Amino acid sequence: MTPFQRAALARVCAVPYGQTSTYGTIADELGQPGAVRAVGRANATNPLPIIIPCHRILGADGKLHGYGARGGLETKAWLLRLEGSWLL
């Protein structure tokens with residue numbers, strides 16, 4: 001992983017249980033507001049998707065975008081519902 005990807009995933013780890021953030025917010029917090037897709041790519045390469053809770057990251061529109069773990073977006077939605085942070 002690149003230093004940026006490690007930094008992005010470290011920021012993803014800081015999103016508390018039951019809360020969500022967006023790819024854009026993470027990019028802004030890293031001081032690179034134009035790096036929204038790079039944050040998404042970092043999430044896509046997440047080696048530990050339950051430990052590094054990339055399911056808590058949403059698109060700017062508040063919708064689910066991408067989830068590479070088993071079950072895809074259905075699993076992402078299930079995890080968010082389990083945490084009480086997102087309703088379908």
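The values are calculated or read from the model by the stated rules, or taken from the named source; none is laboratory data. Nothing here was measured: the structure is a model prediction, and the numbers come from that model. Here the Cβ is made from the backbone with ideal geometry for all residues, glycine too, and neighbour counts use every protein chain on show. With ligands, DNA and RNA removed, areas are computed over all heavy atoms of the protein, side chains included. Shrake-Rupley method; radii C 1.70, N 1.55, O 1.52, S 1.80 Å.
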Can you tell me the order of 43-50, 5-12 when each peptide is scored by its average per-residue count of other Cβ atoms within 10 angstrom, highest first?
-> 5-12, 43-50
Report, by chain and number, residues whose modeled amide H sits under 5 Å from the one on T22, excluding near sequence neighbours (fewer than 5 apart, same chain).
-> L58
With an 8 Å cut-off on Cα pairs and a minimum separation of 6 or more residues, tell me the relative contact order of the chain in percent.
-> 29 percent
Where chymotrypsin sites (Phe, Trp or Tyr not before Pro) fall in DSSP loop in the chain, at most 10 other Cβ within 10 Å = Y17
Select from the range 33-88 those trypsin sites (Lys or Arg not before Pro) which occupy a DSSP coil region and have at most 10 other Cβ atoms within 10 Å, ordered by residue number.
-> K63, R70
Segment Y17-L82, extension gain: residue separation times 0.36 nm, minus the distance between their alpha carbons = 22.4 nm
What is the extension gain from R37 to I51, computed as 0.36 nm multiplied by their sequence separation minus the C-alpha to C-alpha distance, in nm to one decimal?
-> 2.9 nm
Residues of the chain: accessible area per residue at 1.4 Å, in Å²?
-> 58 Å²
With +1 on the Cβ of every Lys and Arg and -1 on the Cβ of every Asp and Glu, the dipole magnitude of the chain about its Cα centre, in debye rounded to the nearest 20, is 200 debye
Distance in nm between label sites at A69 and A44, each 7 Å beyond Cα in the beta-carbon direction?
-> 1.9 nm
With a 1.4 angstrom probe the carbon and sulfur portion of accessible area for the chain, in percent, totals 59 percent
Toward the positive end of the charge dipole of the chain, about the Cα centre and with charges on Cβ (Lys, Arg +1; Asp, Glu -1), which of V39, T2, S21 goes farthest?
-> T2
Zero-based 5 Å bins, Cα pair distances in the range 1-54, whole percents = 4, 23, 38, 24, 10, 1
